[in-house]
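Nothing in this text is a laboratory measurement; each read-out follows from the coordinates by a stated rule. Because the structure is predicted, anything quoted here is derived from the model rather than measured. Here the Cβ is made from the backbone with ideal geometry for all residues, glycine too, and neighbour counts use every protein chain on show.
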Amino acid sequence: MAVASVTHGGYAPGMTEEPDQLYGETRELRIQGFLLFMVSDLVLFSSFIFAYLYLRNSGQGWPAGGPKLDIALASVNSIVLFGSGATMHFALENWKHRNFTKFANWIVMTIILGAGFLSGQVLEYMHIGARWSSGIFGASFYTLTGMHGLHVFAGIIYLTVLLLQAAQGKYTFTKYTGLTLGTLYWHFVDVIWVVLFSIFYLL
Amino acid sequence: MTAVAAHAGGGLADHVHPEPQGFIRKYVFSIDHKIIGIQYMITAFLFMILGGMLAELIRIQLMKASGGLMTPDTYNEVYSVHGSTMVWLVIIPLLTGGFGNLIFPVQIGARDVAFPWLNMLSFWLFPPAGLMLYASFLMGAPTAGWTEYPPMSLQGAPGTSMWAAAIFLIGVSSTMTGINFLVTILKMRAPGMTFTRMPLFVWGQFVTAPLLMIATTALGAALAALFVQREFGVAFFDPTRGGSPLLWQHMFWFYSHPAVYIMILPAFGMISEILPTFSRKPIFGYKMIAFSSCAIAILGFMVWAHHMFTSGLAPALQLPFMVLTMLIAIPTGVKIFSWVTTLWGGVIHMTTAMLFAIGFLATFTLGGITGVFLAAVPFDLHAHGTYFIVAHLHYVLVGGSLMGILAGLFYWYPKMSGRLMNERLGKWAFWLFFIGFNGTFLPMHWLGMWGQPRRVAMYDPQFQAWNQVCSYFSFVMTAALILILVNALWSMRNGKRSGPNPWNARTLEWQIPSPMPYYNFKHVPSVFAAPYDFAEPLPYRGLEEELTGVPPPVPAAH
C-alpha cells in the first residue's frame, strides 16, 4: 500500500526501528524513481534504434553487403562487458555479506573491465573507418554505440564515486541504497549492449 | 490496513525539516512543491504574455491579404516561436509543473513530492530553456513551424539549433517531473487513499506522468538527431545522403501526439474537480472518467501517424491509424457524457471557475469533433494544409487546455494566496474571452474549408474580410486575458479573504488553511471514502488539528 509505515504499526520514541523505517521507505522511493529513470533512458535508446532500423530498411544508401564490422572483436568486448556485470554483482553481494575488502576488489575489477570495454570500442571505431557524418550507417552506428559508450564512461565515474563514498563510510552494511542503484545502472548498461550488439552485428 | 495508524510513524510521512527562513531558500531555490508550483505558473504566464504578443503580431499581419506588417521570413519566425512557446513554455508547464505541483500532492495527503530536490531542478531548467528559445531570435529564429520538419529545418537559420537545444532542455525538465509525480502518486498516498479514492485531478496527473516520462524522451532523441545533423552533418534526415525526412516526422509525432494528451488530461482532471463542486453533486461515472483517461493515454501512443497522412504514408498503414484515432473519440465521449450528466439536476453555482468549466465543455467538444473529421483520411487530405487545422488545434488547446487552466486559476487561487479573485471582473473576463475566442477561431473552420493555407504570410484577397473578423475578435480575447492577469495581480492584496474552503469543496487541499502551510498537514490524514459524496460527512480522519489548532483526544491504549 501507499506508505509502508502503516504495516509496521506504532513506535515509541527511542525504539531502534525508527530510522530503519524511514530508510526503508526512502529506499523504496529512490529505487522506484531510478527504475523510472532507466525506463526513460531506454526510450532514448529505443528511439535511435527505431531510427536505425527505419533508415536501414528505407532502401536508400545503406552500405551494400554491410559495413565492415569486426564481429570477433565485438564478441570479445561483449564478454568483457558481461564479465563486468558479474563482478558488479559479486561486489554488491560481498557488501551485503559485510566484507568491505572483497567489495572493493570486485568493484575495482568492474571498473577495469568497463575501461577495457571502452578501449575495445575505440579499437572498433578505428577499424571501421567510417565517420559519424559519412552517411546513415555512421549516423546510426556511432550515435547508438557512442551513447552507450558515454553511459559506460559515466558508469565508471559513478562506480568510482560509490567506491570512494563507501570507503569514507557513507554506506553501512544495512543501508546501501546508493550501491544498489549503481549496480542497477551497471546492469542496465549491460542489457542495452545486448540489444545494440544484436542489431548491429547479428542482424 | 488500519486507518488509525496515520499517527504512528517514524516513516517518511513524519520526516520533517524546519521551514527555511531566508528569502532565497524560501522563494527562489525552494524545495516546497507549492512554491515550485507557483514559480512554474508565474514563469509560464510570463511566457504566455510573450507568446500572446507573437499571436497578435500574426493576427495583425493577416488583417491584410498582402501582409504588410512583416516580411514572410519574419512571419515564419513569429508563428514558429508562437507555437513552440505555447506548447512547451505555457500549456505543459502550467498543467504539470504549475497546477500539478501545487495541488496533487495535497490531494493525496502527502507533505511533498517524492524527490523535492529534483523538483527544484526541474523548475530551474525551465526559465533558461525559455530564454534560449527567445534568444534564437537574435541569430535567426526557427522558421519551419513548431514541428520543424526537415528539410526546411535543416536549411533554417542558426537559431533552429538553439530551438532544438531549448526544447531538449525543457524536455529533460518534463521527464524529471514525470518521474517525480509518478513515484509520488504510487508511493506517497495517505493511508486509505486507494486508487479509486483519488480525486480525479490526481488521476489526470497520474496518467500524464508516464506520458511526460516516455514521450518526452523520444522527442529528446529526435531533437538531438536534428541538432547533430545541423551542427555536425550527421545524415539522419538528409535524403541526399540516405537519410529520411519522414523519420523526423515519425520521431516527432511519436512524442507530440501523446503531448496533446499531456496538454489535455490534467485539464480533464481540473474540470472533473470543478463541475461536481459547483453543481453539489457526486461526479457521474468516477471510475469511467479515471479509466477513460488511461485508455486515452494508451491509445495516444498508437496514433501518431495520423499527422502524416499527407506525408506519403503507406496506404496499408493509413487505415489502422485512422481507426485507432477515431477510437479515441470513445473514451473522450465517455468523459463529456459524464460531465454533462454531473451537471444534470445539480444545484449549479455559476462562479467564474464554473463558467470557464462549462465553457470548456462547449468549446472542447467542438474541437474534439473536428478531430474526428481530421482522423478520416479523405477529409484530412483535403484539410491538412489549411486553416481548418489551425481552428481544430486552437479549439482543443485554447478552448480545452487554456480554458481548463483559467477555470483552475479561479478555483485554486485561494489556495495560493488566501484570497479569492474578483468574481465580477472574472465573469466579465469569461464572457469577453468566450466571445473573443470563438470569434477568432470559429471562422477559421470555413476559411480552411475554402482553402486558405496555414503557415503563409499572405493569402488570396477573397479571404480578407473573414480574416479581419478573426483579428478583431482576437483583440477581444487578448483584452480578456489581460483582465484576468490584472484580476490575479489585484486580488493578491485586495481580494476577499477566502478562508480554508470558500467553495465547500471536499478534496483534501480544502481541508487545510489557505494559503497552504509548509508541509501541508500537521498530521497525515487517513481516508476512508472517495471525495465526491456531497451528502456524506467528509471522509477523512486526523484533520481535526488543521483548522482548530487543537490536537485530537488521545485514544485509549489498546
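Details
- Per-pair calculated FRET efficiency, R0 = 60 Å: B:Trp450 and A:Gln165 via Cβ, rounded to 0.05: 0.35
- Put simply, the amide H of B:Thr351, placed in the peptide plane, has no neighbours under 5 Å, leaving out anything fewer than 5 places away on its chain.
- With only Cα atoms counted, chain A has Rg and Dmax values of 20.9, 73 Å.
- Kirkwood-Stokes translational diffusion coefficient of the protein assembly as shown, alpha-carbon pairs, 20 °C, 1.002 mPa s, µm²/s: 77
- Here the residues B:Val16, B:Val469, A:Val43, B:Val527, ranked from fewest to most Cβ neighbours within 10 Å of their Cβ, fall in the order B:Val16, B:Val469, A:Val43, B:Val527.
- Between 0 and 90°, nearest 10: helix B:159-187 axis offset from chain B longest Cα axis: 30
- An oblate overall shape is assigned to region B:130-171, the ratio a/c of its alpha-carbon gyration tensor axes (a ≥ b ≥ c) being 1.5 or greater and a/b not exceeding b/c.
- Modelled spin-label separation between B:Glu536 and A:Thr101, with each label point placed 7 Å from Cα along the Cα-to-Cβ direction: 6.3 nm.
- Taking all C-alpha pairs of chain B, those more than 46 Å from each other amount to 13 percent.
- Tail fraction, Cα-Cα pairs, region B:11-100, threshold 18 Å, whole percent: 59
- Taking amide hydrogens as placed 1.01 Å from N in the peptide plane, the amide H of B:Thr386 sits under 5 Å from those of B:Arg454, each at least 5 positions away in sequence or on another chain.
- Rounded to the nearest 10 degrees, the inclination of helix B:116-135 to the longest alpha-carbon principal axis of chain B is 30 degrees.
- Database remark: amide H of B:Arg419 closer than 5 angstrom to the amide H of B:Ser498 (H placed geometrically; neighbours at sequence offset of 5 or more, or on other chains; Pro and chain starts carry no H).
- Paired Rg and Dmax values of region B:145-196, which use every Cα atom, in angstrom: 18.7, 57
- Residue pairs exceeding 25 angstrom between C-alpha atoms, taken from B:Lys427/B:Lys496; A:Lys102/A:Lys175; B:Lys415/B:Lys522: none.
- Region B:284-340: Cα Rg divided by the 2.2 N^0.38 Å rule of thumb: 1.33
- Evaluated at q = 0.10, 0.22 Å⁻¹: base-10 log I(q)/I(0), Debye formula over Cα of region B:386-514: -0.43, -1.18
- Net lengthening on full extension, B:Asp460/B:Val550 (0.36 nm per residue, minus Cα-Cα): 25.2 nm
- Label-point separation in nm, A:Leu203 to A:Ile71, each point 7 Å along Cα→Cβ: 1.5
- Relative intensity, log₁₀ I(q)/I(0), of region B:69-205 from a Debye sum that treats every alpha carbon as a point, q = 0.11, 0.14, 0.20 Å⁻¹: -0.49, -0.68, -1.03
- Residue exposure sequence - A:Ile107, B:Ile31 - by fewest surrounding Cβ within 10 Å: B:Ile31, A:Ile107
- In order through region A:96-110: 3J(HN,Hα) via Karplus (6.51 cos²θ - 1.76 cosθ + 1.60), integer Hz, x for Gly, Pro: 4, 8, 6, 10, 5, 4, 5, 3, 4, 4, 5, 6, 5, 4, 4
- Within 10 Å of each Cβ in B:185-194, the average number of Cβ atoms from other chains: 4
- Residues B:Ala135 and A:His89, FRET efficiency given R0 of 41 Å [Cβ-Cβ distance, rounded to 0.05]: 0.30
- Cα→Cβ-extended label distance, 7 Å offset, between A:Leu35 and B:Met326, nm: 3.9
- Each part reduced to its alpha carbon centroid, region B:136-171 and region B:353-428 end up 27 Å apart.
- Sequence-ordered 3J(HN,Hα) estimates for region B:451-462 from the Karplus curve with 6.51, -1.76 and 1.60 and θ = phi - 60° stand at x, 6, x, 7, 6, 10, 6, 10, 8, 5, x, 4 Hz, glycine and proline given as x.
- Dividing the Cα radius of gyration of region B:197-258 by its Kirkwood radius returns 1.22 for Rg/Rh.
- Rounded to the nearest whole Hz, the Karplus-based 3J(HN,Hα) values (6.51 cos²θ - 1.76 cosθ + 1.60, θ = phi - 60°) of region B:379-389 follow the sequence 5, 4, 4, 6, 9, 4, x, 10, 5, 4, 5, with x at glycine and proline.
- Semi-axis lengths, Å, region A:113-203, gyration tensor of Cα atoms, sqrt of 5 times eigenvalues: 32, 13, 10
- Exposure proxy order (Cβ contacts within 10 Å, fewest to most) of B:Met449, B:Met251: B:Met449, B:Met251
- Treating each Cα of region B:138-282 as an identical point scatterer and summing with the Debye formula, the log10 of I(q)/I(0) at q = 0.12, 0.14, 0.21 Å⁻¹ comes to -0.60, -0.73, -1.19.
- Compared with the dominant Cα axis of chain B, that is its longest principal axis, helix B:423-450 is turned about 30°.
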